[in-house]
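Enquirer: The structure follows.
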Amino acid sequence: MNNPTTRFFDELAKVFSGAAGAAQGLRNELDALVKAQVDRLVADLELVRREEFDVVKEMAGKARQECQALKVRVAELEAEIERLKKNSGKS
């Protein structure tokens, strides 16, 4: 036979268990709401994700390298043109 004290504690345990489950559900709901708000804020501010930034950064680095290589090539071609002008003037 269950005594009243044991039944009381059993019922109290059920209440606390239900409250803990409700609190966890509330926390999950709040987490989802906060995440949605942050995502909206990021979109409104037109911020980029880290992955996108890294891709663009890599592309910019490659473009700088190509630009430097082209500057060197143009300088070489200009020097060649000057050399050819000087040689054609001597003939």
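Enquirer: Could you work out the percent of alpha carbon pairs in the range 1-47 separated by over 15 Å, rounded to a whole number?
Expert: Pairs farther apart than 15 Å: 65 percent.
Enquirer: A further question follows. Find which of GLN37, ALA13, GLN24 sits farthest along the positive direction of the dipole of the range 1-47, computed with +1 on the beta-carbon of Lys and Arg, -1 on that of Asp and Glu, about the Cα centre.
Expert: Farthest towards the positive pole: ALA13.
Enquirer: Which translational diffusion coefficient, to the nearest whole µm²/s, is obtained for the range 48-91 from the Stokes-Einstein equation, given a Kirkwood hydrodynamic radius over C-alpha pairs, 25 °C and 0.890 mPa s?
Expert: Approximately 188 µm²/s, per Stokes-Einstein.
Enquirer: Mind checking the angle between helix 4-44 and the chain's longest principal axis? C-alpha axes, 0 to 90 degrees, to the nearest 10.
Expert: 20 degrees
Enquirer: Here is a follow-up. So what's the chain giving for Cα Rg divided by 2.2 N^0.38 Å, two decimals?
Expert: That works out to 2.97 for the chain.
Read-outs throughout are calculated quantities, based only on the coordinates presented, and are distinct from any laboratory measurement. Just so it is clear, the structure is predicted and the values come from calculations on it, not from any experiment. Note that we place each Cβ from the backbone using ideal geometry, even for glycine, and neighbour counts take in every protein chain shown.
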